[in-house]
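The values are calculated or read from the model by the stated rules, or taken from the named source; none is laboratory data. Just so we're clear, the structure is a prediction, and the values are computed from it rather than from any experiment. Ideal geometry is used to build each Cβ from the backbone, glycine not excepted, and the neighbour counts take in all protein chains shown. For the accessible areas, the whole protein counts, side chains as well, though only heavy atoms, and no ligand, DNA or RNA atoms are used. Shrake-Rupley method; radii C 1.70, N 1.55, O 1.52, S 1.80 Å.
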Amino acid sequence: SQELEQSPQSLIVQEGKNLTINCTSSKTLYGLYWYKQKYGEGLIFLMMLQKGGEEKSHEKITAKLDEKKQQSSLHITASQPSHAGIYLCGADQTGANNLFFGTGTRLTVIP
Amino acid sequence: DTGVSQDPRHKITKRGQNVTFRCDPISEHNRLYWYRQTLGQGPEFLTYFQNEAQLEKSRLLSDRFSAERPKGSFSTLEIQRTEQGDSAMYLCASSNQGLAYNEQFFGPGTRLTVL
């Protein structure tokens with residue numbers, strides 16, 4: 001079965017600092033999704049990566065998928081309190097149906 | 001607002017009672033998914049529909065769970081004879097198969113507490 005490991009499990013940074021969250025899969029990924037979740041709420045779609053070596057950016061968030069399509073990183077530049085939340089990576093295992101999620105990384109940004 | 005909506009947002013019930021949750025997907029989306037999320041974990045897939053057909057069910061979906069999407073629009077998830085282990089956030093998501101990739105849009109979730 002698919003396994004997704006996220007690291008670190010939690011992260012506390014000072015506002016303005018850069019940070020990176022990693023997501024490692026035990027299998028080759030058909031698609032890798034990054035979501036953000038505020039505590040007790042639904043998931044907000046951030047980015048989806050499909051091709052090996054692909055990189056996407058939105059505002060201050062950049063996500064990359066390595067060439068072997070088994071590891072992805074999410075990088076936040078100049079973090080702000082609004083970036084705080086739980087970041088989840090989700091894997092499309094078959095290219096068709098359900099997503100398999102990691103356990104998440106809880107980000108706290110101290111003003 | 002044309003996002004995914006779920007009702008109720010919170011449900012507290014006693015063990016042994018039945019509960020039903022509703023999900024209204026984005027109107028043009030033909031796929032609808034149910035996930036369960038417990039504290040400190042990522043969402044776990046339960047089941048999904050393409051239009052009105054339920055195409056896949058997880059092993060997590062015991063016989064006490066049933067989901068329907070009768071007209072290919074909204075969906076209901078019923079849990080019979082609830083147990084304390086059913087306490088979780090139940091998330092619904094929808095997507096459009098016609099897109100190049102399976103981006104799923106999530107609703108706000110229904111938080112179930114079984115006493």
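So the values come out like this:
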| item | result |
| --- | --- |
| Flag if B:Gln41 is in a loop (DSSP other than H, G, I, E, B), within 27 Å of A:Ser10 (Cβ to Cβ) and not hydrophobic (A, V, I, L, M, F, W, C) | yes |
| Strands (runs of 3 or more DSSP E) lying entirely in the stretch A:1-97 (those with 3 or more residues that are touching a residue at least 60 places away in the same chain (Cβ under 8 Å) and either hydrophobic (A, V, I, L, M, F, W, C) or open to solvent by 60 Å² or more (accessible area, probe 1.4 Å) (or both)) | A:10-14, A:19-25, A:85-92 |
| Among the residues listed as B:Thr38, B:Thr13, the single one being away from every other protein chain (no Cβ under 13 Å) and of a type in the set (Val, Ile, Thr) | B:Thr13 |
| Any hit, the stretch B:44-57, residues being hydroxyl-bearing (Ser, Thr, Tyr) and not in a strand (DSSP E or B) | no |
| Residue within the stretch B:100-107 that is at pLDDT 90 or above, surrounded by 22 or more Cβ atoms within 10 Å (Cβ to Cβ), under 14 Å from the mean Cα position of the chain (by Cα) and at the interface with chain A (Cβ under 10 Å from one of its Cβ atoms) present | yes |
| Output for the stretch B:9-27, where each listed residue is surrounded by fewer than 13 Cβ atoms within 10 Å (Cβ to Cβ) and within 18 Å of B:Ser94 (Cα to Cα) | B:Ser27 |
| B:Leu32 in contact with a Phe, Trp or Tyr (Cβ under 7 Å, 6 or more places away or on another chain), within 12 Å of chain A (Cβ to nearest Cβ), of a type outside the set (Lys, Arg) and touching a residue at least 24 places away in the same chain (Cβ under 8 Å) | yes |
| B:Gln54 over 13 Å from the mean Cα position of the chain (by Cα) and farther than 20 Å from A:Trp34 by Cα | no |
| Candidates A:Ile61, A:Ile44, A:Ile12 - the one that is within 21 Å of B:Phe105 (Cβ to Cβ), more than 12 Å from chain B (Cβ to nearest Cβ) and at pLDDT 90 or above | A:Ile61 |
| Checking B:Leu55 against (1) free of Cβ contacts under 8 Å to residues at least 40 places away in the same chain; (2) more than 10 Å from chain A (Cβ to nearest Cβ); (3) open to solvent by 70 Å² or more (accessible area, probe 1.4 Å), the condition it does not meet | (2) |
| Conditions (1) over 17 Å from A:Leu107 (Cα atoms); (2) modelled with pLDDT of 90 or more; (3) of a type in the set (Gly, Ala, Ser): number failed by A:Gly52 | (2) |
